[in-house]
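Asker: Please read through the structure below; I'll follow up with questions.
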Amino acid sequence: RKEVEQDPGPFNVPEGATVAFNCTYSNSASQSFFWYRQDCRKEPKLLMSVYSSGNEDGRFTAQLNRASQYISLLIRDSKLSDSATYLCVVTPNTNAGKSTFGDGTTLTVKP
Amino acid sequence: ETGVTQTPRHLVMGMTNKKSLKCEQHLGHNAMYWYKQSAKKPLELMFVYSLEERVENNSVPSRFSPECPNSSHLFLHLHTLQPEDSALYLCASSPRTSGTYNEQFFGPGTRLTVL
């Protein structure tokens with residue numbers, strides 16, 4: 001079993017749709033969680049950190065469920081510019097060098 | 001801008017060449033990382049440096065040799081590479097290597113092709 005598993009995708013949605021991605025992790029000692037987005041042939045860019053209480057940034061909402069060991073990302077009112085690969089990242093508190101990146105979920109938003 | 005720069009952005013080299021990739025971070029971070037990303041594959045961590053000391057080496061072949069002369073600069077020296085080493089090489093930095101919410105910031109990467 002992979003340490004971090006994401007929805008395989010791809011997700012193809014129309015503009016304005018709401019889409020949700022899930023990510024499960026196997027290490028119960030994990031302490032920090034992030035969502036990154038990666039555009040084609042570009043570097044990953046931090047989208048948002050995921051806090052225990054859940055957090056929202058505009059159209060994006062991230063949630064953490066420690067009991068079930070998963071995090072989620074919800075995108076509301078999808079824009080064409082949201083098309084990208086979304087990476088889930090899980091880090092043990094003691095060693096950021098051990099961050100584990102998921103394989104990514106690809107989202108395509110169509111007109 | 002991420003504050004992490006990498007040069008060159010593109011590199012084509014033969015299997016007998018020796019080349020170096022350079023990374024510089026302008027964020028005042030203490031940790032730097034090298035990752036490899038092959039086509040349609042997830043990121044693979046290669047090396048981690050904390051305050052210029054290597055703290056992680058993920059079983060990377062010796063034909064890849066990292067160097068961290070100070071906390072702002074990181075190099076990856078390449079020699080006698082194989083075609084399967086062709087990939088996007090990404091450098092990242094973070095404030096430290098431990099603690100919560102230690103976000104990593106990536107450079108634009110060097111796209112390497114080995115002929």
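The values are calculated or read from the model by the stated rules, or taken from the named source; none is laboratory data. Just so it is clear, the model here is predicted, and its values are computed rather than measured. Quick reminder, even Gly has a Cβ in these numbers, built from the backbone with ideal geometry, and neighbours come from all protein chains shown. These accessible areas exclude ligands, DNA and RNA; they are computed on the full protein's heavy atoms, side chains included. Shrake-Rupley method; radii C 1.70, N 1.55, O 1.52, S 1.80 Å.
Asker: Pop out the ³J(HN,Hα) list for the range B:18-24 in order, Karplus 6.51 cos²θ - 1.76 cosθ + 1.60 with θ = phi - 60°, rounded to Hz; leave Gly and Pro as x.
Answerer: Working through the residues one at a time gives 10, 9, 9, 9, 10, 9, 9 Hz.
Asker: Taking 8 Å as the Cα distance limit and 6 or more residues as the minimum spacing, I'd like the relative contact order of chain B as a percentage.
Answerer: 37 percent.
Asker: Right, next: Could you tell me which of the pairs A:2/B:41; B:19/B:40; A:2/B:19 are separated by over 23 angstrom between their Cα atoms in the structure shown?
Answerer: Exceeds cut-off: B:19/B:40; A:2/B:19.
Asker: Keeping all protein chains in place, calculate the accessible area per residue for the range B:1-84 (probe 1.4 angstrom), answer in Å².
Answerer: On a per-residue basis, 54 Å².
Asker: Ok, one more. Taking the Cβ of residue B:11 as the center, what net charge do the other residues with Cβ under 10 Å away carry, scoring Lys and Arg +1 and Asp and Glu -1?
Answerer: Its environment carries a net charge of +3.
Asker: Relative contact order (percent) for chain A, with alpha-carbon contacts under 8 angstrom and 6 or more residues of separation?
Answerer: Rounded, it is 37 percent for chain A.
Asker: OK, next. Net charge near residue B:49, counting Lys/Arg +1 and Asp/Glu -1 over other residues with Cβ under 12 Å of its Cβ?
Answerer: -2
Asker: Can you give the local net charge around residue A:111? Use residues other than it whose beta-carbon is closer than 11 angstrom to its beta-carbon, Lys and Arg +1, Asp and Glu -1.
Answerer: With Lys, Arg at +1 and Asp, Glu at -1, the neighbours total +1.
Asker: How many Cβ atoms of partner chains, on average, are near each residue of A:31-43 if near means within 10 Å of its Cβ?
Answerer: 4
Asker: Relative to the isolated chain, which residues of the range B:58-107 have their accessible area cut by 30 Å² or more in the presence of all protein chains (1.4 Å probe, heavy atoms, no ligands or nucleic acids)?
Answerer: With the partner chains in place, the range B:58-107 has these residues losing at least 30 Å²: B:97, B:99, B:100, B:101, B:103, B:104, B:106.
Asker: Turning to a different aspect of this structure: Tell me which cysteines of the protein assembly as shown come out unpaired when the rule is another cysteine's Cβ under 4.7 Å.
Answerer: Cys with no partner Cβ under 4.7 Å: A:40, B:68.
Asker: Further, regarding this structure: How long is chain B along each principal axis, judged by its Cα atoms, biggest number first, in Å?
Answerer: Its Cα atoms span 40, 27, 24 Å along the three principal axes.
Asker: If you don't mind, there's one more thing I want to ask. Whenever you get a sec, line up A:1, B:9, B:111 from highest to lowest accessible area (probe 1.4 Å, protein heavy atoms).
Answerer: Largest accessible area first, the list is A:1, B:9, B:111.
Asker: Report in % the part of the accessible area of chain B that belongs to carbon and sulfur, leaving out ligands and nucleic acids; probe 1.4 Å.
Answerer: Answer for chain B is 49 percent, counting heavy atoms of protein chains only.
Asker: How much length is gained on full extension from residue B:63 to residue B:15, taking 0.36 nm per residue of separation minus their Cα-Cα distance?
Answerer: So the extension gain works out to 16.2 nm.
Asker: Sticking with this structure for a sec: Return the carbon/sulfur percentage of the accessible area of chain A, one whole number, probe 1.4 Å, all protein chains in place.
Answerer: 47 percent
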